[in-house]
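Each reported figure results from applying straightforward, stated rules to the coordinates on display, with no laboratory input. Just so we're clear, the structure is a prediction, and the values are computed from it rather than from any experiment. No Cβ is skipped: glycine too gets one built from the backbone with ideal geometry, and neighbour counts run over all protein chains shown.
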Protein chains: 2
Amino acid sequence: MKNTLFFDGHINPEIFNEIKKERDFIGYYDLPLTDITYLSRLDKFTQKHIVVVGIGGSSLGTKAVNTFLSYKKKSDRVLHFLETTDPITLKSSLEKIDLNDSLFIIISKSGGTIETISVFKYILSIKPLNKEDFIFITDMDSPLFKLGMKEEIETFYIAKNVGGRFSVLSSVGLIPLYLMGYNVKKLLKGAKKIRSDFFDDDGEIKTALLKKASFYAEYMLHYNINALFSYSELFRDFNAWYVQLWAESLGKKQLHSKLNVGLTPVGLIGPTDQHSFLQLIVEGPKDKTVTFLKIKNFNDTTKVPNKNLKYLEGLDIVNEVKFSELINMQADSIIENLKERNVPLDIIEIDEANIYYMGQLFYYYELLTSLTGKMLDVDAYNQPGVEEGKRILKEKLQNKNL
Amino acid sequence: MKNTLFFDGHINPEIFNEIKKERDFIGYYDLPLTDITYLSRLDKFTQKHIVVVGIGGSSLGTKAVNTFLSYKKKSDRVLHFLETTDPITLKSSLEKIDLNDSLFIIISKSGGTIETISVFKYILSIKPLNKEDFIFITDMDSPLFKLGMKEEIETFYIAKNVGGRFSVLSSVGLIPLYLMGYNVKKLLKGAKKIRSDFFDDDGEIKTALLKKASFYAEYMLHYNINALFSYSELFRDFNAWYVQLWAESLGKKQLHSKLNVGLTPVGLIGPTDQHSFLQLIVEGPKDKTVTFLKIKNFNDTTKVPNKNLKYLEGLDIVNEVKFSELINMQADSIIENLKERNVPLDIIEIDEANIYYMGQLFYYYELLTSLTGKMLDVDAYNQPGVEEGKRILKEKLQNKNL
């Protein structure tokens with residue numbers, strides 16, 4: 001991948017060294033190097049339907065990869081996600097699943113996520129808990145882990161120091177992706193490439209990451225919104241993954257000042273959102289940075305045919321243009337337009353839509369998040385703000401049963 | 001629907017009067033009163049696949065309704081959307097369509113939208129243009145309108161003074177929805193209810209709308225982000241419709257000062273985004289208002305079963321709770337939490353997930369947009385900022401062919 005910045009940022013060697021030190025206690029950095037032979041424990045499962053039961057970091061990464069690659073899927077298996085307590089969605093999702101030919105993967109880092117356990121219990125009302133049809137992925141020694149041991153369920157753990165939203169390259173993402181037949185080695189290889197570019201080389205990616213993080217942090221009060229404008233529908237769930245990573249990691253009290261800081265992520269898809277959000281970027285307040293995410297080679301030759309339509313002669317200029325060229329020319333036109341308007345922007349371009357580049361993108365964004373968090377003086381790895389809502393819910397549930 | 005505000009805003013009778021006057025020249029206000037007998041012209045079409053070819057305002061409203069109601073769909077017909085120039089998505093969408101049993105609805109207000117005409121041309125390379133399989137919806141006298149007349153295609157017009165993003169209750173939305181068997185009369189009836197609540201009564205909805213718009217405008221520099229936190233997956237595409245309406249209407253130069261103003265919409269889905277964006281709302285900068293959108297009655301009795309799981313006894317409090325209750329308790333917990341944190345919030349509650357309330361929601365948000373636009377001193381109905389990008393694209397296409 002190539003990352004080109006059209007704004008200036010500082011290179012702060014101290015921040016780089018602090019991130020380097022974080023590798024001793026933050027687990028995601030070394031995930032691309034982890035031994036993954038444990039995945040062979042999955043080969044005994046032959047079900048057609050793979051059902052991920054999990055929410056947030058337990059599903060978003062897997063979804064991002066699956067949506068990105070579903071167009072070239074070779075497996076006969078079907079991947080489903082049960083994420084929500086919404087009864088209508090839960091029921092319509094279950095209708096698409098053959099319960100007698102399904103492997104349920106229950107994923108909860110804490111082992112006690114209320115949405116996940118509620119849906120898990122619902123599944124247990126139609127299917128007994130047995131080691132043929134269930135897998136657990138959870139923290140070592142969590143309640144779910146203990147249940148797995150007791151019931152002899154194939155149970156995989158998540159390393160304690162790998163946060164949910166940083167877990168796509170751990171068992172959380174690799175297990176469902178491996179079951180779906182995706183080449184997870186190539187996924188890790190992509191991540192490893194960015195890892196060594198950043199930690200071992202003084203190359204372009206390292207420079208881009210350091211400059212970008214410093215610009216975002218320095219101008220946080222001015223540019224409080226960071227839009228990711230991805231030019232392909234394939235990126236729709238990658239955008240959602242980015243939104244979680246960015247919002248939940250950076251929206252925090254500062255460690256030293258206790259000031260509430262953060263940056264607001266917005267996920268956009270081109271060209272669709274040229275007809276929606278774009279007007280606000282062009283003529284609204286100058287409070288946004290924009291990252292354009294492009295696929296250089298769609299490996300597709302579909303063209304606009306050479307049709308001349310009466311009265312629509314003005315659009316004959318698009319005849320014989322490949323759609324893959326057209327979409328990238330659309331991106332380039334908006335880039336040119338926003339450059340003229342002095343919107344701080346950068347471009348990430350990947351060569352093609354394959355799993356190797358997905359691995360690069362995951363690791364790139366994780367590093368960017370760590371760096372920006374460090375510069376904003378926040379702990380990028382916790383989420384204390386969501387605990388209060390959980391406590392209130394438990395109270396409500398308890399009072400209900402009185 | 002009920003709208004409860006937990007912040008204070010002014011009631012400005014002048015703004016109300018200005019909006020009242022707008023009814024003479026802005027077309028969307030009276031759409032709920034329009035004669036829709038023209039829809040009977042559609043009864044001759046019997047195709048199974050209904051394919052909407054359109055982008056932005058030409059598809060987002062229809063999608064919002066279809067996603068909201070698909071769970072209770074009675075029709076055998078299947079609705080498809082061809083929105084984008086992304087070649088991979090275009091091809092995989094076409095694979096799902098039986099071309100010999102499809103009605104293509106080409107929708108473009110200007111009649112020359114480059115994405116729509118490019119996809120239309122592509123369809124024409126596999127299917128001849130004939131009056132049995134095509135419908136056009138466009139501005140009177142647009143190039144597409146003229147082509148329709150020439151080729152004797154069933155062509156419907158959009159009133160000149162109805163903007164794309166305000167067009168869901170016009171032929172743009174009603175035609176595909178009618179073909180899909182949805183009760184469009186009930187949709188309009190819902191909109192009409194809000195229309196008369198606002199223009200003819202001094203009731204709660206009018207008060208809420210006026211206060212909300214004035215608060216959003218007055219504190220624009222402070223709260224520059226407006227999150228819509230919708231508690232059901234059914235709202236996913238309604239959120240996207242809201243994002244377009246809000247961003248494209250309000251992100252503008254002020255009419256008098258030429259200052260760049262605007263408010264940034266964010267669409268969230270609960271409870272999923274409690275595990276994503278919520279942390280940023282709770283602990284990030286206080287730059288967001290939040291509207292909670294709730295369904296009072298899901299008409300669903302699915303329960304968490306009375307299962308006790310070893311080690312997970314702490315979650316037995318959720319046993320025997322209906323999922324419909326659980327999701328609303330989750331919303332209420334977050335509402336309570338954010339109230340304590342002084343986040344400016346309001347709640348919109350609809351009785352159930354039916355098309356009548358969808359009509360109410362559309363009209364409510366359109367009015368809120370008009371009011372907020374008026375208070376921000378912008379023209380809510382144009383989109384001059386997107387023209388420049390289109391011009392650059394045309395230039396690029398022209399140079400390519402030299």
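Per-structure values
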quantity: 3J(HN,Hα) from dihedral phi, the stretch B:50-59, Karplus parametrisation 6.51/-1.76/1.60, rounded to Hz, x for glycine, proline; calculated: 9, 10, 8, 9, x, 9, x, x, 7, 10
quantity: Neighbour-limited loop hits for chymotrypsin sites (Phe, Trp or Tyr not before Pro), the stretch B:208-244 (at most 16 other Cβ within 10 Å; DSSP other than H, G, I, E, B); calculated: B:TYR219
quantity: Pairs from B:LYS192/B:LYS374; A:LYS296/B:LYS294; B:LYS160/B:LYS294 whose Cα-Cα separation, in the structure shown, is over 30 Å; calculated: A:LYS296/B:LYS294; B:LYS160/B:LYS294
quantity: Convex hull volume per residue in cubic angstrom - Cα atoms of the protein assembly as shown; calculated: 155
quantity: Unit Cα scatterers, Debye sum, chain A: log10 I(q)/I(0) for q = 0.11 Å⁻¹; calculated: -0.87
quantity: Position A:MET140, label points 7 Å along Cα→Cβ, spacing to each other copy in nm (shortest first, one decimal); calculated: 7.5
quantity: Taking the stretch A:27-182 and dividing mean pair separation by its residue count, relative contact order in percent (alpha carbons under 8 Å, at least six apart); calculated: 32
quantity: Relative contact order for chain B, counting Cα pairs under 8 Å that sit 6 or more residues apart, in percent; calculated: 23
quantity: Under the Karplus curve 6.51 cos²θ - 1.76 cosθ + 1.60, θ = phi - 60°, whole-Hz ³J(HN,Hα) for the stretch B:296-305, x wherever Gly or Pro sits; calculated: 5, 10, 7, 6, 8, 10, 4, 10, 6, x
quantity: Paramagnetic label zone (point 7 Å from Cα along Cα-to-C-beta, B:ASP30; backbone N under 13 Å) in the stretch B:139-183; calculated: B:159-162
quantity: Label 7 Å beyond Cα on the Cβ vector: B:ASN100 copy-to-copy distances, nm; calculated: 3.4
quantity: Label spacing, shortest first and in nm, from A:ASN306 to its equivalents in the remaining copies (7 angstrom along Cα→Cβ); calculated: 7.5
quantity: Of A:LYS44/A:LYS146; A:LYS286/B:LYS185; A:LYS303/A:LYS339, those spanning more than 31 Å from alpha-carbon to alpha-carbon; calculated: A:LYS286/B:LYS185
quantity: Most mobile listed residue (A:LEU210, A:LEU147, A:LEU268) in chain A, GNM with C-alpha springs under 10 Å; calculated: A:LEU147
quantity: Within straight-line cross-link reach of B:LYS258, aspartates and glutamates at Cα separation under 16 Å, skipping those fewer than 8 residues along the same chain; calculated: A:GLU283, B:ASP377, B:ASP379
quantity: Computed lengthening from A:ASP8 to A:LYS91, 0.36 nm per intervening residue step minus Cα-Cα distance; calculated: 24.8 nm
quantity: Taking B:LEU174, B:LEU309 and counting other C-beta atoms within 10 Å, the order from fewest to most; calculated: B:LEU309, B:LEU174
quantity: At most 14 other Cβ within 10 Å, DSSP loop - trypsin sites (Lys or Arg not before Pro), the stretch A:274-314; calculated: A:LYS286, A:LYS310
quantity: Long-range HN-HN contacts of B:THR85 with modeled amide H, under 5 Å; calculated: none
quantity: Pairs from B:LYS48/B:LYS74; A:LYS91/B:LYS73; A:LYS96/B:LYS91 whose Cα-Cα separation, in the structure shown, is over 18 Å; calculated: A:LYS96/B:LYS91
quantity: Long-range HN-HN contacts of A:THR155 with modeled amide H, under 5 Å; calculated: A:PHE136
quantity: Rounded Å value of the spacing that divides the Cα centres of the stretch B:122-172 and the stretch B:1-57; calculated: 19
quantity: Over the stretch B:287-396, relative contact order from alpha-carbon pairs under 8 Å, at least 6 apart, %; calculated: 32
quantity: Axial C-alpha extent at least 24 Å, average Kyte-Doolittle at least -1.0 - helices from chain A (DSSP); calculated: A:323-340, A:355-376
quantity: B:LEU293 long-range amide H proximity, modeled H, under 5 Å; calculated: B:PHE229, B:SER230, B:TYR231, B:ILE348
quantity: GNM flexibility winner over chain B from B:SER59, B:SER70, B:SER108 (Cα, springs under 10 Å); calculated: B:SER70
quantity: Straight-distance crosslink candidates among aspartates and glutamates, where the alpha carbon sits under 14 Å from A:LYS186 and sequence neighbours closer than 8 are dropped; calculated: A:ASP35, A:GLU352
quantity: Of B:VAL78, B:VAL172, B:VAL162, the one that fluctuates the most in a GNM where chain B has Cα springs shorter than 10 Å; calculated: B:VAL78
